[in-house]
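None of the figures in this text is laboratory data; all of them are computed from the coordinates on show. For clarity, every value in this text was computed on a predicted model and none was experimentally measured. Here Cβ is always computed from backbone atoms with ideal geometry, including for glycine, and neighbour counts include all displayed protein chains.
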Amino acid sequence: MNPALAIGQIIVSIALVVSILLQARGTGLSGTFGGDSSVYRSRRGIERRLWQFTIVLLILFVLFSMASFIFAPTTV
């Protein structure tokens, strides 16, 4: 595996985990089982930008994974 691809994939994966954890809406068991009062609402402001940033990170992670698969050395 190319070291640049591996480092890029690790950095993107850490950023993806952090961005997902920042989006936590409900806290505790009430949020887990639907006790949150805002069941459906639109994202606005920084919450929307964080959602879009998470999607971009997800796409980058998939691209890094595909690139590392394509450029992996073949053993014959």
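Data for the structure
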quantity	calculated
Relative exposure of Phe53, Phe64, judged by other C-beta atoms within 10 Å (fewest first)	Phe53, Phe64
Theoretical gain in end-to-end length, Val56 to Leu22 [0.36 nm per residue, Cα-Cα removed]	10.7 nm
Rounded to whole Hz, the Karplus (6.51, -1.76, 1.60) HN-Hα couplings of segment 64-71, x for glycine and proline	4, 5, 5, 5, 5, 6, 5, 8
